[in-house]
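Below you'll find the structure, written out as C-alpha cells, and then a few comments.
The values are calculated or read from the model by the stated rules, or taken from the named source; none is laboratory data. Bear in mind that the values here come from a model prediction, so they are computed numbers and not experimental data. Note that each Cβ is placed from the backbone with ideal geometry, even for glycine, and that neighbours are counted across all protein chains shown. Each accessible area value is taken on the protein alone, full model and side chains, heavy atoms only, with ligands, DNA and RNA left out. Shrake-Rupley method; radii C 1.70, N 1.55, O 1.52, S 1.80 Å.
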Amino acid sequence: MDDSPIDIYLVQLALDTLGFPVHLEVIFESQEALKRLQSAPAPDVLLMDMYMPGLNGLEVLQALKGTLGGARVVLWSAGVRPEEVAVVQAAGAEAYLEKPLDNAALLSTLQTLLGQVDRRAS
C-alpha cells in the first residue's frame, strides 16, 4: 500500500530485479487496504507506507493484528523516527525502511522476505 506512484514503480523495479514470481497488488488508500486485507486471503508480503491518506500504517497493522496469518509486513516512511521503529516492530512488522529508499536495502529486505515465502511454498 502506498499513495506514491514513484515508490510503487521502485518496488516493481526491485521485484523485477529479484526475479521472484509475484503477484503485485497496489492499493492507494488505507481504508480500502484494510477492507481488502480483512476480506481476502492474506498476502505473503505486505509493503505498506507508514503515512497514507486515512489510517497510518501502524493503525492498519494494529487493526489487522492476528488476522494476517504468516504475512510478512514491511512499513516504510519518508521520515523514520527512532521511537517508531520499536512500536512498528512490536505491532508485527518485520522491518521499517526509510524513503527515499536505498535500493540495496529494499532489494535485501524483499529478497529475504520473498526467499522465506518461496521456501515455505516448497
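Here are some notes:
- Residues of region 32-51 that turn out to be open to solvent by 60 Å² or more (accessible area, probe 1.4 Å), farther than 19 Å from Asp7 by Cβ and either at pLDDT below 85 or not basic (Lys, Arg) (or both), as a count: 4
- When Leu61, Leu10, Leu68, Leu55 are checked against the criterion of being within 22 Å of Thr112 (Cβ to Cβ), outside any helix (DSSP H, G or I) and within 15 Å of the chain's Cα centre (by Cα), a single residue qualifies: Leu68.
- Boolean, Ala63 is open to solvent by less than 20 Å² (accessible area, probe 1.4 Å), in contact (Cβ under 8 Å) with a residue 24 or more places away in the chain and of a type outside the set (Phe, Trp, Tyr): no
- For region 13-31, a residue qualifies if it is open to solvent by 60 Å² or more (accessible area, probe 1.4 Å), part of a helix (DSSP H, G or I), farther than 21 Å from Gly54 by Cα and not β-branched (Val, Ile, Thr), and the qualifying residues are Leu13, Asp16.
- Applying a threshold of 7 Å to beta carbon distances and a minimum spacing of six or more residues, or different chains, the list of pairs starting in region 30-47 at a residue that is aliphatic (A, V, I, L, M) and ending at one that is assigned to a helix (DSSP H, G or I) reads Ala33/Val60; Leu34/Val60; Leu34/Ala63; Val45/Leu113; Val45/Leu114; Val45/Val117; Leu47/Val11.
- Search result, residues across region 71-95 that are assigned to a loop (DSSP other than H, G, I, E, B) and open to solvent by less than 70 Å² (accessible area, probe 1.4 Å): Ala71, Gly79, Val80, Ala91, Gly92, Ala93
- Here the condition is being of a type in the set (A, V, I, L, M, F, W, C) and out of contact with any helix residue (DSSP H, G or I) (no Cβ under 6 Å at 6 or more places or on another chain); of Leu55, Leu61, Leu34, it holds for Leu61 alone.
- Identity of the residue in region 1-12, open to solvent by less than 50 Å² (accessible area, probe 1.4 Å) and not aliphatic (A, V, I, L, M), that ends up nearest to Gly70 (Cα to Cα): Asp2
- Contacts under 8 angstrom Cβ, first residue in region 74-88 being among the charged types (D, E, K, R), partner surrounded by 16 or more Cβ atoms within 10 Å (Cβ to Cβ), 6 or more apart: Glu84/Met50; Glu84/Leu58; Glu84/Ser77; Glu84/Tyr96
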